[in-house]
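Below is one structure, written out as structure tokens; the observations come after it.
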Amino acid sequence: MSRIAYVNGQYVPHGSAQIHVEDRGYQFADSVYEVCLVVDGKFWDIDGHLARLRRSLSELDIEMPMPESALRIVMENVRKRNHLKSALIYMQVSRGVAPRNHLFAKGLVPSVVMTAKRFDLDQSDEKAAKGISIISQPDIRWGRTDIKTTGLLANAMAKNAAHEVGAAEALLVRDGFVTECSSSNAWIITKDGVLVTHPKDHKILGGITRATAFECAQELQLSVIERPFTLNEVFAAREVFLTSASSIVMPVVTVNGRQIGDGAPGPITIRLREAYKAKARAL
Ligand code: PMP
């Protein structure tokens, strides 16, 4: 089945989808994006993703390219035209096309691209049943990682370094504290059962999955604290897990080759993953 992409008002074959060479997304990473999970035709956490898109755009003074209701329709069309019931929908909005110049030109028409990639929840569950291994890497990203821009080179370098040693993710460390991962938020569960994740500030991306997982944890009567934590706290943790739209709630079983807890996905993490799935389906 040939893939279809949406580019600036048109649905085109993925292989011939094109963006102008002077698109500011291409030249300056002057663009933002979202990745939304759709399972069995139901978008999970879509309100949160669209709210964050609006925020990222507004932080960069880029116009919303179309009303939110229209974006929802295009997302659904991209899913359907790719004949996918479960998918990750990628949406990118750039400031638009202008002669190369660092200054933000006024009145540009934002470029919009959407694509879809197959997602298999059973496969993701199988991965979660085993848990993943991760390694730490220095967080060398810029100071506004709360804006979901496509300027992801530092993230890509960290993730590649992880893959080179057979790890699935990179845990980013800045000034002695864990911020998040290259494409997910990081959590620990301390020996006394408290869930800890970095505060939502300019040093991390405020994950949509993180926010919903937070609510799930509270509904499960777990205690959750937002505070920075160190790598030593990660090694000493009872459980470690990551959250993102594409990995949902993903148990971590080793960090830098050191086993976390008894080296198997932790029971609290598994409960939280199930709670998240139930909540996202019902939202
Ligand atoms: N942090 C980073 C750096 C990310 O790239 C992502 C995924 N886009 C996340 C966290 C998780 O965000 P979300 O739960 O909204 O997918």
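No value in this document is a laboratory result; all are computed from the given coordinates. All figures in this text were calculated on a predicted structure; none of them were measured in a lab. With ideal geometry, Cβ positions are generated from the backbone for all residues, glycine too; neighbour counts draw on all protein chains shown.
Summary of computed values
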{"quantity": "Fewest-first ranking of 222, 272, 103, 121, using other Cβ atoms within 10 Å as the exposure measure", "calculated": "103, 121, 222, 272"}
{"quantity": "Region 8-46 and region 212-268: distance between their alpha carbon centers, rounded to Å", "calculated": "31"}
{"quantity": "Likely footprinting exposure, 200, 85, fewest C-beta neighbours within 10 Å first", "calculated": "85, 200"}
{"quantity": "GNM top mover of 187, 142, 44 - the chain, alpha-carbon springs below 10 Å", "calculated": "142"}
{"quantity": "Order of 104, 119 under a 10 Å beta carbon neighbour criterion, fewest first", "calculated": "104, 119"}
{"quantity": "Shape call, the chain: gyration tensor on alpha carbons, a/c limit 1.5", "calculated": "prolate"}
{"quantity": "Whole-number percent relative contact order across the chain, with pairs defined as alpha carbons under 8 Å at least 6 apart", "calculated": "17"}
{"quantity": "Exposed-loop-free span, longest in the chain, where GluC sites (Glu not before Pro) count as exposed if DSSP calls them loop and at most 15 other C-beta atoms lie within 10 Å", "calculated": "64-283"}
{"quantity": "In order through region 24-39: 3J(HN,Hα) via Karplus (6.51 cos²θ - 1.76 cosθ + 1.60), integer Hz, x for Gly, Pro", "calculated": "5, x, 6, 7, 10, 6, 8, 7, 10, 8, 9, 10, 10, 8, 10, 10"}
{"quantity": "18 Å tail of the calculated P(r), region 99-224, as % of Cα pairs", "calculated": "66"}
